[in-house]
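Take a look at the structure below.
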Amino acid sequence: MKTEKAKSIGKIILVFVLSVVIWRLTFILFDTQKFAYNVFRHIAAGLFLSFLICVLMIVMLHAERRTNSFSEKKAVSSHLKDLSFGFLCWIIPAVISIYAFVSAGQVVIVLQTESTTLILGLLALLVAVFFIEAFPEEITRGYLYSRLEAVFSPWAALLAQTFLFTLFAFLIGSLYSIDQWLFIPGFGFLLGYFRMLSGSIWFSMGFHVAMMTVTQSIGPMQKLIEVDGNFFVVRFLSFVLIPAISGSIILNLKKNHIPAS
């Protein structure tokens with residue numbers, strides 16, 4: 001038992017360190033400062049990063065002789081269903097709450113470009129965010145959580161992965177402001193919690209890509225959407241708290257209604 005526990009911890013440390021190296025290497029090669037000004041560079045960096053993370057996961061699972069057992073072996077259609085479900089669980093409550101706040105005069109939304117350019121820009125940004133954030137991060141999170149769960153209880157594993165991803169964000173340079181320090185630990189906990197409830201990395205992945213695509217689209221560098229108003233209302237209530245609560249309720253209801261096998 002102690003030997004297995006030590007092996008699991010060793011795998012966690014190895015994957016964590018190699019993941020940090022892969023992210024840092026990608027940022028150096030593709031110069032993250034230029035992402036906001038060149039979405040194709042952003043996408044290329046994401047494809048490069050996702051490829052290396054996939055190679056890392058395949059090597060680790062092959063070494064464990066578990067190439068078909070990461071999370072669960074499901075059809076592609078099932079993964080896409082979970083991905084879409086997670087995406088909608090963020091988009092729907094976020095859009096409804098923003099509409100309510102706009103109607104109440106708390107927020108003003110101004111489109112920075114015409115509709116065709118806006119749609120194309122959002123789609124390009126979604127692809128970039130998926131490959132450089134949501135896909136590689138949730139695959140890595142899924143691996144680490146599954147190995148942590150083999151050593152600790154589910155809740156202890158959840159807290160441990162939250163700590164690891166906060167440390168990970170620090171090591172790759174993502175904790176560059178007070179806002180990031182306030183946001184990333186909570187977001188890491190939320191995505192891990194969704195992984196624990198759903199039993200799938202794909203729900204968390206869909207939620208992740210939806211939230212970060214819209215969040216980045218309202219940044220001053222993207223020049224797609226400008227949001228004027230209460231920062232607390234937009235970034236905390238509409239983008240985080242309301243979708244987090246609704247997603248948690250939906251997943252708990254879904255989990256409780258799944259018949260025991």
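The values are calculated or read from the model by the stated rules, or taken from the named source; none is laboratory data. Because the structure is predicted, anything quoted here is derived from the model rather than measured. Using ideal geometry, Cβ is built from the backbone for each residue, glycine included, and neighbour counts are taken over all protein chains shown. To get the accessible areas, we keep the full protein, side chains included, count just its heavy atoms, and leave off ligands, DNA and RNA. Shrake-Rupley method; radii C 1.70, N 1.55, O 1.52, S 1.80 Å.
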>> Please go through (1) in contact with a Leu (Cβ under 9 Å, 6 or more places away or on another chain); (2) touching a residue at least 60 places away in the same chain (Cβ under 8 Å); (3) surrounded by 19 or more Cβ atoms within 10 Å (Cβ to Cβ) for Leu158 and return the number of the only condition it doesn't satisfy.
In response: (2)
> Is it true that some residue in region 128-145 is farther than 23 Å from Phe51 by Cβ, open to solvent by less than 50 Å² (accessible area, probe 1.4 Å) and at pLDDT 90 or above?
Replying inline: no
>> Tell me whether region 212-234 contains one or more residues that are within 20 Å of Phe85 (Cβ to Cβ), hydrophobic (A, V, I, L, M, F, W, C) and out of contact with any Lys or Arg (no Cβ under 9 Å at 6 or more places or on another chain).
In response: yes
>> So for region 244-260 (the condition being within 18 Å of Leu126 (Cβ to Cβ) and in contact (Cβ under 8 Å) with a residue 60 or more places away in the chain), does at least one residue qualify?
In response: no
> Within region 1-58, can you find the residues that are farther than 22 Å from Leu120 by Cα and among the basic types (Lys, Arg)?
Replying inline: Lys2, Lys5, Lys7, Lys11, Arg24
>> Given (1) open to solvent by 20 Å² or more (accessible area, probe 1.4 Å); (2) in a helix (DSSP H, G or I); (3) not aromatic (Phe, Trp, Tyr), identify the lone condition not met by Gly247.
In response: (1)
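Go through Ser78, Ser71, Ser84, Ser50 for me and flag whichever is assigned to a helix (DSSP H, G or I) and either in contact with a strand residue (DSSP E or B) (Cβ under 7 Å, 6 or more places away or on another chain) or modelled with pLDDT under 95 (or both).
Working: Ser71 fails: assigned to a helix (DSSP H, G or I); Ser84 fails: either in contact with a strand residue (DSSP E or B) (Cβ under 7 Å, 6 or more places away or on another chain) or modelled with pLDDT under 95 (or both); Ser50 fails: either in contact with a strand residue (DSSP E or B) (Cβ under 7 Å, 6 or more places away or on another chain) or modelled with pLDDT under 95 (or both).
It is Ser78.
Could you tell me whether Gly105 is open to solvent by 30 Å² or more (accessible area, probe 1.4 Å), closer than 30 Å to Gly10 by Cα and either part of a strand (DSSP E or B) or not basic (Lys, Arg) (or both)? First the steps, then the outcome.
Details: open to solvent by 30 Å² or more (accessible area, probe 1.4 Å): yes; closer than 30 Å to Gly10 by Cα: no; either part of a strand (DSSP E or B) or not basic (Lys, Arg) (or both): yes.
Against the criterion (open to solvent by 30 Å² or more (accessible area, probe 1.4 Å), closer than 30 Å to Gly10 by Cα and either part of a strand (DSSP E or B) or not basic (Lys, Arg) (or both)), Gly105 does not qualify.
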> Can you name every residue in region 78-120 that is of a type outside the set (A, V, I, L, M, F, W, C), over 19 Å from the mean Cα position of the chain (by Cα) and closer than 22 Å to Val233 by Cβ?
Replying inline: Ser97, Tyr99, Ser103, Gly105, Gln106, Gln112
> Does region 206-221 include one or more residues that are without any contact (Cβ under 8 Å) to a residue 60 or more places away in the chain, part of a loop (DSSP other than H, G, I, E, B), over 30 Å from Tyr145 (Cα atoms) and open to solvent by less than 70 Å² (accessible area, probe 1.4 Å)?
Replying inline: yes
